[in-house]
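Chemist: Pasting in a structure now, in structure tokens, and then I'll have a few things to ask.
The values are calculated or read from the model by the stated rules, or taken from the named source; none is laboratory data. Keep in mind that what you see is a predicted model, and the values were worked out from it rather than measured. Using ideal geometry, Cβ is built from the backbone for each residue, glycine included, and neighbour counts are taken over all protein chains shown.
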Amino acid sequence: PSVALSWRQLPLLLAAIFVIFLVYVFALRRLSQSSIGYRYILYSTFLLGLLCILVPVVTSPDIFSYISYARIGVIYHLNPLTTLPTTISSDPVFVHLYWKNQPSAYGPTWVAISSLLQWFTLPLGVQSLLPMVLALRVFGLFTHLCSTLLIWSIVGQLQQRYGHVSAQKRLVATLAFAWNPLLLFEACVNAHNDSALLLFILLAIQFLLPASHRWRGNILATLMLVLATCLKLNAVLLMPLFFIFIWKQEHRENVPVKVPFAKTFTLLLAYAGTIILLYAPFWQNGQLLRLFQTNPTTSRNINTLAEFLGRLYNSITERLGYLPVPQNGSPAEGVAHTASIALFVMLYALLCWQAIVSKQSLKTLPDFIRWLALAWLLYCVCGTPWFWPWYTVTFFGLYALVNATGEDDLLVSGFLRLPLAPFATYLLAFSMLSIYCFYAWAPQNSFIPGLPGFQWTDLRGLWAWVIPLLALRWPLAPMPRPHYQRAVIRETQGESIASKAE
């Protein structure tokens, strides 16, 4: 299409996304005062998901990569974690691939899931891709519905446990997650496996709920996080906080000092050992490590502030008379990439240190969930200079639990406070989904006047994170102690009084 025609059509696309989110927010406001239950939420989400499954386009080629890796394993009997898609260049899926020179970046968990789906669709023929596309979309809807049900269940149990039962908060949090247009789009249209990743994380939280068999729950939670890590490696960033939480929970028991450390270390060994066992069949004499040499996440920036700053710097230097440099692989991109990751590492290290030394941190499961949500949000903002909208799926699932069981703010023992109101998350979902507007023909083929080499599409990283800032609550006023912390303090004081009486 012509650039002029694309510029005329682009506002219509953005307006359509905006209208969808207006309807979404309006529906949440109206239904928050109703008496609907989880069945209504599940049935309505199922219908919305079916509509998304029937959408005849995708905005990401990843679904075809999933299909190619599944066909490599099931049809061609090769190792999808080490085999390049170029090996099956005669396959019908090859012409749809973007990543043709990279083996699968996903682990054994996703290999098993996608291979099983491919095996089920084999009777429908190997030349047509439609059955596998539909199978992946249906699986995405299934995981989204399961996550919705888990959020409803976890919130109910946490509210009962910590004495703050609010049916309205439970309803709004679950409905806001279930009907989120971004989550439905990524699960049921693009069929991204981040929906499955969130499901495993929520299952881990479900097993951590207070029960009589805490040790068994800890083992099952560890197993769920193993499956999550073996689906996408970025799940490993949740593990330090998980083990700190387990260690602190064991410390609350009247046991010798060495026992909590021994139990936590046992779970750590089980976590690492199980991952090694699952990856062992795909090792292929170390060929598995080739992924880190070809994966763009190790050096490239996209959809982030790092990309925006790097390309803006290149444009300004060219404007000042310096020789132009390629946008991809420029020194500025490398510096911005490294600086972004360094900032995340520093913040995450401080986060873990605060979790260890603060006596009030990670004492309850709601507190632990808040830390996970904050860690994942930091990862999306600066921990991954190579960023895409579907990376936020996990954050939205965790935030639904935070919003229904505590204050809106993500507060970590005074170390870092993010005054994130629910409306800010709605704007975040809108900015993430509207990023796709920057991939239209016009923004990618037009330059901003006065900035040589700086395309309109290079504003996508700034757009993604500035829009949600409009809803943050300022200034940062002191926040009262969350209700679940008060409940834990009362519980601890009660235990202390009882022990003295004995």
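Chemist: Could you please give the count of residues in the stretch 271-297 that are touching a residue at least 12 places away in the same chain (Cβ under 8 Å) and touching a helix residue (DSSP H, G or I) at 6+ places or on another chain (Cβ under 7 Å)?
Modeler: So the answer is 7.
Chemist: Next question. List every residue pair whose Cβ atoms sit under 8 Å apart, with the two residues 6 or more apart in sequence or on different chains, where the first one lies in the stretch 27-47 and is of a type in the set (Gly, Ala, Ser) and the second, anywhere, is part of a loop (DSSP other than H, G, I, E, B).
Modeler: From residues that are of a type in the set (Gly, Ala, Ser), the pairs are Ala27/Trp179; Ser44/Trp179.
Okay, residues lined up against (1) within 22 Å of Gln455 (Cβ to Cβ); (2) at pLDDT below 95; (3) not hydroxyl-bearing (Ser, Thr, Tyr):
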site: Gln284; (1), (2), (3): no, yes, yes
site: Leu312; (1), (2), (3): yes, no, yes
site: Asn328; (1), (2), (3): yes, yes, yes
site: Ala342; (1), (2), (3): no, no, yes
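Chemist: OK, next. Can you pull out the residues in the stretch 306-331 that are within 17 Å of Thr457 (Cβ to Cβ) and of a type outside the set (Ser, Thr, Tyr)?
Modeler: Ala306, Glu307, Phe308, Leu309, Gly310, Arg311, Leu312, Asn314, Pro326, Gln327, Asn328
Chemist: So which residues in the stretch 77-122 are over 24 Å from Thr143 (Cβ atoms) and either in a helix (DSSP H, G or I) or of a type in the set (Lys, Arg) (or both)?
Modeler: If the condition is that a residue be over 24 Å from Thr143 (Cβ atoms) and either in a helix (DSSP H, G or I) or of a type in the set (Lys, Arg) (or both), then Pro85, Thr86, Thr87, Ile88, Phe94, Val95, Lys100 are the ones that fit.
Chemist: Within the stretch 34-76, work out how many residues are assigned to a helix (DSSP H, G or I), out of contact with any Asp or Glu (no Cβ under 9 Å at 6 or more places or on another chain) and among the hydroxyl-bearing types (Ser, Thr, Tyr).
Modeler: 8
Condition check ((1) out of contact with any Leu (no Cβ under 8 Å at 6 or more places or on another chain); (2) more than 23 Å from Leu182 (Cβ to Cβ); (3) in contact (Cβ under 8 Å) with a residue 24 or more places away in the chain) across all residues:
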position: Gly107; (1), (2), (3): no, yes, yes
position: Ala112; (1), (2), (3): yes, yes, no
position: Gln118; (1), (2), (3): yes, yes, yes
position: Leu124; (1), (2), (3): yes, yes, no
position: Gln127; (1), (2), (3): yes, yes, yes
position: Leu134; (1), (2), (3): yes, no, yes
position: Leu141; (1), (2), (3): no, no, yes
position: Ser147; (1), (2), (3): no, no, yes
position: Leu150; (1), (2), (3): no, no, yes
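The rows are residues; the columns are (1) in a helix (DSSP H, G or I); (2) within 24 Å of Pro389 (Cα to Cα); (3) under 14 Å from the mean Cα position of the chain (by Cα).
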{"position": "Arg137", "(1), (2), (3)": "yes, yes, no"}
{"position": "Leu150", "(1), (2), (3)": "yes, yes, no"}
{"position": "Ser153", "(1), (2), (3)": "yes, no, no"}
{"position": "Gly156", "(1), (2), (3)": "yes, no, no"}
{"position": "Gln159", "(1), (2), (3)": "yes, no, no"}
{"position": "Leu184", "(1), (2), (3)": "yes, yes, yes"}
{"position": "Leu203", "(1), (2), (3)": "yes, yes, no"}
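Chemist: Right, here's the next one. When the residues of the stretch 11-33 are narrowed to those that are small (Gly, Ala, Ser) and either in a helix (DSSP H, G or I) or at pLDDT 95 or above (or both), which ends up farthest from Val95 (Cα to Cα)?
Modeler: Ranking the candidates gives Ala27 first.
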